[in-house]
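The values are calculated or read from the model by the stated rules, or taken from the named source; none is laboratory data. As the structure is a computational prediction, the values presented were derived from the model and not from experiment. Cβ placement follows ideal geometry from the backbone for every residue including glycine, while neighbour counts extend to all protein chains displayed. Note: areas computed on protein heavy atoms with side chains; ligands, DNA, RNA excluded. Shrake-Rupley method; radii C 1.70, N 1.55, O 1.52, S 1.80 Å.
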Amino acid sequence: MAVNGAIAPQILAGFSGTALTPLAQVAGPAVNVFGVLLAILAMGIASIHFSLALFFTVREWVPGQSRHTLLLGRRHGKLIFTPRGKANISLALT
């Protein structure tokens, strides 16, 4: 909830700090509770935004898994799959 003109500009001009203390004098002590709640939630949301920005930046930098596409000519291709290591097994597609 926002209230415009609740505090005179002369009071805010000479006051150092947030507007919560003068606003609490006008509206009551509930303003302090809501102000603290807002400050805590704002810090939490800011940390979530920073974490998401860092996550997406690192995600752009780290290469992802690439898909391998192979196009063989009609009736001219032979594809042989062999495992890594010293296994003597292979699979051929013709």
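Highest mean first, how do 6-12, 19-25 rank when packing is the count of other Cβ atoms within 10 Å averaged over residues?
Values: 6-12: 11.0, 19-25: 15.3.
So the order, starting with the most tightly packed, is 19-25, 6-12.
Could you work out [θ]222 nm for the chain from helices alone, using -39500 (n - 2.57) per DSSP H run of at least four and dividing by all its residues? Round to the nearest 500 deg cm²/dmol. Present the calculation step by step, with values, prior to reporting the outcome.
Details: 3 runs with 45 residues, N = 94.
Counting only the DSSP helices, I get -15500 deg cm²/dmol.
At 1.4 Å probe size, what's the solvent-accessible area of S47? Round to the nearest 10 Å².
60 Å²
Can you send over the solvent-accessible area of F55, 1.4 Å probe, protein chains only, in Å² to the nearest 10?
Accessible surface of F55 is approximately 110 Å².
Full extension from I11 to L37: what is 0.36 nm times the residue separation minus their Cα-Cα distance, to one decimal in nm? Walk me through the intermediate numbers first.
On the way: separation 26, 0.36 × 26 = 9.36 nm, distance 2.42 nm.
Going from the current span to full extension adds 6.9 nm.
Does a label point 7 Å from the Cα of T94, set along Cα-to-beta-carbon, have any residues of region 52-76 with amide nitrogen under 16 Å, and which are they?
73-76
From the alpha carbon gyration tensor of region 1-67, can you work out the equivalent ellipsoid semi-axes (sqrt of 5 times each eigenvalue) and give them in Å, largest to smallest?
On the way: eigenvalues 366, 31, 17 Å².
Sorted largest first and rounded, they come to 43, 13, 9 Å.
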